[in-house]
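Q: Below are the structure tokens for one structure; questions will follow.
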Amino acid sequence: MLETQLANFHRAESALLFNSGYAANLGFFAAVPRRGDTIFYDEASHASVKDGIRGSFATAYSFRHNDIGDLERRLSRATGAVFVAVEALYSMDGDQAPLRELAAFCQQRDLHLIVDEAHTNGIYGPRGKVW
Ligand SMILES: Cc1ncc(COP(=O)(O)O)c(C=O)c1O
């Protein structure tokens, strides 16, 4: 029931609950990006993202914090399905990712954008929703 409520809240097809954010990042990165795929992650990502990536068979590269130009320059190394991992609000610096620009960038190039919302889920917009 909770997963259904969360999916409705996010207007998503489905939701999957883990017992912590750390476990979610370990589980996601170990299971979804596969051998031959590529992950580009913001260098300021939380340790749980970095630990998750270490458990993945995909190849991973960091890019400069919030720097879409740097991400674009590194894209030439990509193989397979490409994942871009960011945080909506960074736990270390308290600054935000340029999500609209990142979403457009990823959509234009058919990249999968992964947004860790550990510090934003339910915080912004009326009733915690941005729509
Ligand atoms: C961005 C981010 N992702 C994941 C986590 C891990 O979440 P949890 O403390 O629920 O394991 C944290 C924890 O602070 C975090 O800041």
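Any read-out appearing in this document is the output of simple, stated calculations on the displayed coordinates, not a laboratory observation. Being a predicted model, the structure only gives us computed values, none of them experimental. As a convention, Cβ positions derive from the backbone with ideal geometry for all residues, glycine included, and neighbour counts pool all protein chains shown.
Q: Condition first: closer than 14 Å to ALA103 by Cα and in contact with a helix residue (DSSP H, G or I) (Cβ under 8 Å, 6 or more places away or on another chain). Now tell me which residues in region 62-86 satisfy that.
A: ILE68, LEU71, GLU72, VAL82, VAL84, ALA85, VAL86
Q: Now, a different point. Could you pull out the residue among ARG64, ARG34 that is of a type in the set (D, E, K, R) and free of Cβ contacts under 8 Å to residues at least 40 places away in the same chain?
A: Numbers: ARG34 fails: free of Cβ contacts under 8 Å to residues at least 40 places away in the same chain.
None of the other options fit; the residue is ARG64.
Q: The conditions are (1) in a helix (DSSP H, G or I); (2) of a type outside the set (Ser, Thr, Tyr); (3) within 19 Å of ASN121 (Cα to Cα), and PHE29 fails exactly one of them. Which is it?
A: So PHE29 meets the others, but not (3).
Q: Also: Check ASN66, ASN8 and return the single one that is under 15 Å from ILE114 (Cα atoms) and of a type in the set (S, T, N, Q).
A: Working: ASN8 fails: under 15 Å from ILE114 (Cα atoms).
Unique residue meeting the criteria: ASN66.
Q: Please state which one of ALA31, ALA44 is under 29 Å from GLY128 (Cβ atoms), out of contact with any helix residue (DSSP H, G or I) (no Cβ under 7 Å at 6 or more places or on another chain), away from the ligand (no atom under 15 Å from the Cβ) and not basic (Lys, Arg). Spell out the reasoning first.
A: Working: ALA44 fails: away from the ligand (no atom under 15 Å from the Cβ).
Going through ALA31, ALA44 in turn, the sole match is ALA31.
Q: A follow-up question, please. If the Cβ limit is 8 Å and pairs must be 6+ apart or interchain, which residue in region 93-120 that is basic (Lys, Arg) pairs with which residue that is surrounded by 14 or more Cβ atoms within 10 Å (Cβ to Cβ)?
A: Sorted first by the residue in region 93-120, then by its partner, the pairs are ARG109/LEU75; ARG109/VAL82.
Q: Checking HIS10 against (1) of a type outside the set (D, E, K, R); (2) closer than 17 Å to THR120 by Cα; (3) within 15 Å of the ligand (Cβ to nearest atom), only one condition comes out false. Which one?
A: (3)
Q: Same structure, new question: Going by what's in this entry, would VAL82 be described as of a type in the set (A, V, I, L, M, F, W, C) and within 16 Å of the ligand (Cβ to nearest atom)? Break it down stepwise before answering.
A: Numbers: of a type in the set (A, V, I, L, M, F, W, C): yes; within 16 Å of the ligand (Cβ to nearest atom): no.
Against the criterion (of a type in the set (A, V, I, L, M, F, W, C) and within 16 Å of the ligand (Cβ to nearest atom)), VAL82 does not qualify.
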